[in-house]
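Okay, structure first, notes after.
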Amino acid sequence: MPLLKICGVTEIEKVQELSRYADYIGLIVDPAISSPRRLSVENAEKIVSAAKNRVKTVAVVASLKGVDLAAMLGVDVVQLHCDLDEDLIKQAVRRGLRVAPVLVARDHVVSEELIRDFLERVSNYLRYVEYVLIDGSKTLRPLETGLKLDLRTYRAFVELCRRYRLNPAVAGGVNVYNVELLLKLDLHVVDVSSGVESRPGIKDLSLVAELARKVRGSSYGSN
């Protein structure tokens, strides 16, 4: 049964409810990332505090400044949403952070050679890696499934992650209507953001609950 990450969380008042369904919540804190879901340091601190002992927190970053912010906030994991930068991984590890490198795909299909090269480099830091995520770039349009990547690419990524003893996570247009396509894979984490929103940054708790039931089973979160 895969774990569930709800990313782009902005609402402090929903953290307790989200923690009923999610294993991770993601916060965009890095000024280098342009997003309507990016938080001020003050709001990020409040969300991290509200999440403590409830759900793991993930800071989504793309720069050393973002890594420093993540360390200051005391999050559990730093998700490196940028081209693979081994120095950035090392800097995060030096600050005592678990890391989640991201393979950002710029096309709907990614070759196994590219995936293998990425994972080979990430595997050098195996003991510090929480999970490895594949996601489509912001400019990549969704396919007919609503997903940003071809299912063959998701499958190859997951299978190769397992070979390298890395925990595979998938994102990119995931919602309540297409998540079951991904649940056929041997996933560690399903990562969702806009697929459970009423508008950017505003999480729809009914969609979160429905998604969690599909990921975890029909009775999940009913208590």
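The values are calculated or read from the model by the stated rules, or taken from the named source; none is laboratory data. Only a predicted model underlies this, so the values are computations on that prediction, with no experimental measurement involved. Don't worry about glycine lacking a Cβ; one is built from the backbone with ideal geometry, like all the others, and counts go over all protein chains shown.
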With (1) of a type outside the set (D, E); (2) at positive phi; (3) surrounded by fewer than 20 Cβ atoms within 10 Å (Cβ to Cβ) as the list, and G173 as the residue in question, which single condition is left unmet?
(3)
Candidate set: region 96-114, residues that are under 18 Å from the mean Cα position of the chain (by Cα) and of a type in the set (V, I, T); chosen: the one farthest from R127 (Cα to Cα)
V104
Of the residues in region 185-206 that are closer than 18 Å to V170 by Cβ and out of contact with any Leu (no Cβ under 9 Å at 6 or more places or on another chain), the one that is surrounded by the fewest Cβ atoms within 10 Å (Cβ to Cβ) is D186
I'm trying to understand the selection: among the residues of region 16-40, which are in contact with a helix residue (DSSP H, G or I) (Cβ under 7 Å, 6 or more places away or on another chain), among the aliphatic types (A, V, I, L, M) and surrounded by fewer than 22 Cβ atoms within 10 Å (Cβ to Cβ)?
A32
Among the numbered conditions (1) touching a strand residue (DSSP E or B) at 6+ places or on another chain (Cβ under 6 Å); (2) farther than 23 Å from H81 by Cα, tell me where M1 comes up short.
(1)
Can you find a residue that is farther than 18 Å from Y125 by Cβ, among the charged types (D, E, K, R) and assigned to a helix (DSSP H, G or I) anywhere in region 21-32?
no
Kindly establish whether V78 is surrounded by 21 or more Cβ atoms within 10 Å (Cβ to Cβ), among the aliphatic types (A, V, I, L, M) and in contact with a Gly (Cβ under 7 Å, 6 or more places away or on another chain).
no
Considering only region 53-62, I want to know if a residue exists there that is farther than 19 Å from L39 by Cβ and without any contact (Cβ under 8 Å) to a residue 40 or more places away in the chain.
yes
Identify, by number, the condition in (1) part of a loop (DSSP other than H, G, I, E, B); (2) more than 17 Å from V192 (Cβ to Cβ); (3) modelled with pLDDT of 95 or more that T145 doesn't meet.
(2)
For region 148-172, enumerate the residues that are β-branched (V, I, T) and assigned to a strand (DSSP E or B).
V170
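Rundown of residues vs (1) in a helix (DSSP H, G or I); (2) at pLDDT below 95; (3) among the small types (G, A, S), yes/no style:
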residue: L103; (1), (2), (3): no, no, no
residue: E113; (1), (2), (3): yes, no, no
residue: R121; (1), (2), (3): yes, no, no
residue: L133; (1), (2), (3): no, no, no
residue: K138; (1), (2), (3): no, yes, no
Which residue, of D83, D117, is surrounded by fewer than 18 Cβ atoms within 10 Å (Cβ to Cβ), over 19 Å from the mean Cα position of the chain (by Cα), outside any strand (DSSP E or B) and acidic (D, E)?
D117
Out of (1) in contact with a Ser or Thr (Cβ under 7 Å, 6 or more places away or on another chain); (2) not basic (K, R); (3) not in a helix (DSSP H, G or I), the one N175 does not meet is (1)
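Each row is one residue, and each column tells you yes or no for (1) more than 26 Å from K138 (Cα to Cα); (2) of a type outside the set (S, T, N, Q).
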site	(1), (2)
T10	no, no
I33	no, yes
R38	no, yes
A51	yes, yes
V58	no, yes
L69	no, yes
V75	no, yes
Which numbered condition V67 misses (of (1) buried (at least 22 other Cβ atoms within 10 Å of the Cβ); (2) in a loop (DSSP other than H, G, I, E, B))
(2)
